[in-house]
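Step one of this worksheet: look at the structure below.
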Amino acid sequence: MKYYSTLFLLVFFVTCSAFSQGKVVKYTVSSGETVNQIAQKFKVTPFDIYELNPDARNGVKPNTVLLIPAASNKNTDKKETAAVKSTSNGKATTHEVQPKETLFGLEKKYGISDEALKAANPFLITDGLQPGQTLTIPGKGSAPKAAATSDKKQKGAEKYIYHDVAPKETKFGIAKQYGISIEELEKKNPEIVTSLPVGYRLTIKGTAPKTEVAAPVTTAVKPEETKKPAESKKAVSYMEYQVKPKETFYSLGRVFHLTQEELVALNPSLSEGVKEGMVLKVPAGYVAPAPIIAQAQPADKPVQTSVEKPVEKPVEKAIEKPVESTGGGIKIVDKVKSETVSADPEIVELSKKRGQNERKKVVLLLPFNLAKLQSDTTGTAARLKTDKFLNMTLDFYSGAMMAIDSARTLKLPIDVAIYDSQETKTTSNISSLIAQNKLQEADAVVGPFYQNNAESTANSLRLYNVPVISPLSKDAANPIDNLYQTIPSNDVVRSAIFDYMRAKNGNIVAVVDKKKESVISYIKQNQKGVVFAALTEAGGLDAANLKSLLLPTRMNYVVMETGNTAMIKTVIKALTDAQKSCQVQLVILEPNSTLDTDEISFDNLVKLKLMYPSVTRDSDDQAVSIFKKEYKLKNKVYPNTYATRGFDVTFDTMMRLVQGKTYQETADLMTTQQVDNKFQFYKKEDGGHANKGVYILYYDSDLTLKEAN
């Protein structure tokens, strides 16, 4: 009897303890709320909510009642557990991985090295860090002290780990490889927020040494091997070469057919940069070109740039953001379709396809709005911090100057004039520029930026048949014969991916949220034969109906257009299940921010090879890498979208003019590809020209973006 009494009391005590520690709060979901938002509101993790509400993994609906664990108790428990574990003297302990925890954070928390943690948990090397895993935390000689002095010592002793970005790698893939978040990766490496350049050395852990040669790296993860010029080059003899004014790594690389790494390997002094007068060891047998020296002209004239004439840049001085001219440049390989368009177009170098023709004149109309800038009492520096339009203009201009330098290196017979178009959405000084500077004699005009100003310019130059290239506007253009829209319209972008799917004889099924009325209308009117998956009365997806529309003998492309998390999860689950019996690929028509949240598994998107159309690509071509490095060398930052577009549009325009044909003729015959953009012009039925150069991209199994064939 005494035994049963004791047992009863023990069970009662444990039960009461469990209920006292496991207090929950009932919460009714409001319209539009997500599990993430609710978790943040109650200071718990989504994982905690899923534990008590398994159905929430498929999304939550308004008025759903959720059980939320008490944050205070949970946090107290965690702190107590951590305290007990951290005071275990030299003994190994365990840790259950929570959502959003990283290897870096755990190693810092327990004061252990990356090598020690992975040695105790080998599965981390192959599987990475996943929520729910139980880790073995190796013991130490003594417990870590919470004193600030101890923390400082630990930080000071933290090893430096780096990663060199390889072609086609993504931020997600790299972050997952090292068990950290993308936010942590970007915080350590602010320069990759807008792009991820191939070859860039990322800091994963610790602080990069000031001089890597003098301060050896303690732990190097996957460093790329340095190429050996002597082994990779045919030339076996060397000569001395003195660096001329304005020469750069890339102008030298073009002359001597060496990469920057190979030049530094031969000449260690180059690690501090290229300096005029340096004597370098280079392969014999190459002839260096004569340098081109920029000279200033009177400041009241436009920028005039040519291969043989001096260069004047008053705009740069006024803006206080100079872009110096270089003797080097970038050689971009352009893909040109033959006159008879085929599935396998001829690929040539436009620089080798140049015609023997007279000098050409290119005009750039860019909205610097100098008069407004000079009258601004806040100062140029302050304005640059707040004026997005001015920054966009300067970025485009910096890219255009790179193109002009490249043309100079290639010795193209082109003169370039740059004018301040002083434009807003409704005004500009285009008319006076045309009248005062005889722009009707130009062979091509790039700009203005605003669509109505570009159309006004095209109308003014229409009688002279001067092509006007609109570089940035996405607005629909009026029918003007000499106007060329370089950014593909939304309908063209959408049509490109449907054309691709049909070319692959795919079975196309659409899952479209009823709120996306414009998408439904577009598909019904323009993409005949696409089958729509049925929706439930509540607006959700009928998963059984979707599966019934998939064919076992053909590739099934499922076009998903919705921002609803629950619907997205239902689609993904249905398609991953269907992969056991048929081929399936998930497709979106435009960027979907919901897919970037942590509620959607990126691994599942990779399994379904998420595919989408894009007007830009992320190429690992050598020429593209050279451009980005050269731009970084000159501007101290990597090029953003506007800078790259400035290069692409300007360089493409100049290259078309030296093919022995007019710009109009090359637009009808040639498809060209530059750093990020493709230019495939077509004549619209109502007049004018538009670009249909669109890339079809998808996520491959190695977590990299690839261009679909």
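Go through the stretch 450-475 and count every residue that is in a helix (DSSP H, G or I) and among the small types (Gly, Ala, Ser).
Looking only at that region, the number is 4.
Looking only at residues that are more than 26 Å from residue 393 (Cα to Cα) and of a type in the set (Val, Ile, Thr) in the stretch 638-692, which one is nearest to the chain's Cα centre (by Cα)?
Applying the filter and picking the extreme gives 671.
Looking at (1) among the polar types (S, T, N, Q); (2) out of contact with any strand residue (DSSP E or B) (no Cβ under 9 Å at 6 or more places or on another chain); (3) at pLDDT below 75, which is the only condition residue 86 fails?
(2)
Those residues that are under 19 Å from residue 593 (Cβ atoms) and part of a helix (DSSP H, G or I), I need them from the stretch 25-56; list them, please.
Hits for the stretch 25-56 are 35, 36, 37, 38, 39, 40, 46.
Pick out the one residue from 520, 469 that is touching an Asp or Glu at 6+ places or on another chain (Cβ under 9 Å), of a type in the set (A, V, I, L, M) and surrounded by fewer than 18 Cβ atoms within 10 Å (Cβ to Cβ).
Exactly one of 520, 469 is touching an Asp or Glu at 6+ places or on another chain (Cβ under 9 Å), of a type in the set (A, V, I, L, M) and surrounded by fewer than 18 Cβ atoms within 10 Å (Cβ to Cβ), namely 520.
Can you tell me which of 491, 405, 415, 481 is touching a residue at least 40 places away in the same chain (Cβ under 8 Å), acidic (Asp, Glu) and part of a helix (DSSP H, G or I)?
Only one candidate qualifies: 405.
Taking the options 553, 565, name whichever one is out of contact with any Phe, Trp or Tyr (no Cβ under 8 Å at 6 or more places or on another chain), in the same structural domain as residue 511 (by TED's automatic domain parsing) and surrounded by fewer than 16 Cβ atoms within 10 Å (Cβ to Cβ).
Among 553, 565, only 553 is out of contact with any Phe, Trp or Tyr (no Cβ under 8 Å at 6 or more places or on another chain), in the same structural domain as residue 511 (by TED's automatic domain parsing) and surrounded by fewer than 16 Cβ atoms within 10 Å (Cβ to Cβ).
Which number in (1) among the hydrophobic types (A, V, I, L, M, F, W, C); (2) within 25 Å of residue 677 (Cβ to Cβ); (3) touching a helix residue (DSSP H, G or I) at 6+ places or on another chain (Cβ under 6 Å) marks the one condition that residue 401 misses?
So residue 401 meets the others, but not (3).
For residues in the stretch 411-439 being closer than 19 Å to residue 482 by Cβ and surrounded by fewer than 15 Cβ atoms within 10 Å (Cβ to Cβ), which is nearest to the chain's Cα centre (by Cα)?
431
Restricting to the stretch 447-471, and then to whatever is under 30 Å from the mean Cα position of the chain (by Cα) and hydroxyl-bearing (Ser, Thr, Tyr), can you tell me which residue is modelled with the highest pLDDT?
The selected residue is 470.
May I ask you to list pairs of residues, at least six apart or on different chains, whose Cβ atoms are under 9 Å apart, with the first in the stretch 258-270 being of a type in the set (Ser, Thr, Tyr) and the second being part of a loop (DSSP other than H, G, I, E, B)?
As it stands, the answer is 259/227; 269/275; 269/278, since those pairs meet every condition given.
If I ask for residues that are more than 12 Å from residue 179 (Cα to Cα) and touching a Lys or Arg at 6+ places or on another chain (Cβ under 8 Å), which ones from the stretch 111-125 would you list?
111, 112, 113
Collect the residues in the stretch 453-466 that are under 18 Å from residue 369 (Cβ atoms) and either touching a strand residue (DSSP E or B) at 6+ places or on another chain (Cβ under 7 Å) or exposed (fewer than 15 other Cβ atoms within 10 Å of the Cβ) (or both), keeping them in residue-number order.
Matches in the stretch 453-466: 454, 457.
If you go through the stretch 133-163 one residue at a time, how many are at pLDDT 70 or above and not hydroxyl-bearing (Ser, Thr, Tyr)?
Qualifying residue count, the stretch 133-163: 7.
A quick yes/no check of all residues on (1) out of contact with any His (no Cβ under 9 Å at 6 or more places or on another chain); (2) in a loop (DSSP other than H, G, I, E, B); (3) not assigned by TED's automatic domain parsing to the domain that holds residue 397:
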{"residue": "642", "(1), (2), (3)": "yes, no, no"}
{"residue": "645", "(1), (2), (3)": "yes, no, no"}
{"residue": "649", "(1), (2), (3)": "yes, no, no"}
{"residue": "659", "(1), (2), (3)": "yes, yes, no"}
{"residue": "664", "(1), (2), (3)": "no, no, no"}
{"residue": "667", "(1), (2), (3)": "no, no, no"}
{"residue": "686", "(1), (2), (3)": "yes, yes, no"}
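The values are calculated or read from the model by the stated rules, or taken from the named source; none is laboratory data. Nothing here was measured: the structure is a model prediction, and the numbers come from that model. Reconstructed Cβ throughout: ideal geometry from the backbone, glycine too, with neighbour counts over all protein chains shown.
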